[in-house]
Amino acid sequence: MSDNEQMPLLNCSEEDVASYLSEHPDFFQRHPDILRQMVIAHESNGVVSLLERQQQLLRDKVSKQEQDITRLIGTAKQNETIYKAFINLYMALLECPDSKQMIYLLRAILLEQIQLDGMKLVLFIAGGDEHAANLVQPRNLFQEVLLQRLARDDYYFGRLKKQEMSLFFTDEQAIKSVALIRLGGQKDMGILAFGSIDEQHFQGDMDTIFLAPMVKLINRLLLDFSVDNSPAEPSPI
């Protein structure tokens, strides 16, 4: 080719170049002079070499992986704490003599060990248990919640309207997200509510794996408490 002749231009796109470099990762090893000439504009550091940019990307990747690992370890520890707390609650509920002790256990586990910020048990059916009778409220007060939040499922996780929230928690508690559980199934015995000041704590896609056994125990206990266990008077002779 003479000096006046020009090398024909290749019809090559950026994607073609990127694909070629991906298929030939040793390209810059075979052409170190090209590597040394390459510079990349960086938003915060100005113009840097390709090697410096690669090192920075690698450091960023390692840092993100370390953060992910730390977050996973934290989540695992939190899940272990919750698991142990619910196991303690299950065992204690099995020996629970009355609703007063049941409320104490729920508060001790949910508020102190799992560190939630509020809990309330509302019953729709009065029974022989004196403390349970004090928890009874008219069902019609909760009709909107039952229809809007608990009609299709016995569990609701998320946020409530202010009027709905006031049925369970005071403004001073500053509850932002809740878990609502419809007790008794078809018997419609009441609602167990607990909440968090973190609006992201309870979300709609949460699992009920820990809650389901607790709810079964509470339903059974409420049925037991609804029976008057006082000794029967002797029949006249």
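General remarks:
- Highest mean first, the peptides 91-100, 181-190 sorted by other C-beta atoms within 10 Å per residue fall in the order 181-190, 91-100.
- The alpha carbon centroids of region 90-105 and region 152-176 are separated by 24 Å.
- Surface per residue (accessible, 1.4 Å probe) for region 111-192, Å²: 55
- Near-label residues of region 152-195 by backbone N, under 13 Å of a point 7 Å along Cα→Cβ of Leu141: 164-170, 191
- Between Asn134 and Gln186, the contour length at 0.36 nm per residue exceeds the alpha carbon distance by 16.5 nm.
- Here region 52-209 is treated with +1 on each Lys and Arg Cβ and -1 on each Asp and Glu Cβ, and its dipole about the Cα centre works out to around 340 debye.
- Residue (of Gln203, Met189, Gln173) at the positive-pole extreme of region 165-214, dipole from beta-carbon charges: Met189
- Solvent-free Debye scattering, log10 I(q)/I(0), computed from the Cα coordinates of region 101-230 at q = 0.13, 0.18, 0.22 Å⁻¹: -0.51, -1.02, -1.55
- Subtracting the Cα-Cα distance of Gln65 and Glu15 from their residue separation scaled by 0.36 nm leaves 15.1 nm.
- Tensor-based shape of region 110-178 (alpha-carbon gyration tensor, a/c under 1.5 rounded, otherwise prolate or oblate): oblate
- Here region 117-232 has 49 percent of its accessible surface on carbon and sulfur atoms, given a 1.4 Å probe and all protein chains in place.
The values are calculated or read from the model by the stated rules, or taken from the named source; none is laboratory data. Note that this is a predicted model, so its numbers are computed, not measured. Cβ atoms come from the backbone with ideal geometry, glycine included; neighbour counts cover every protein chain shown. Surface accessibility is based on the protein's heavy atoms, side chains included, excluding ligands, DNA and RNA. Shrake-Rupley method; radii C 1.70, N 1.55, O 1.52, S 1.80 Å.
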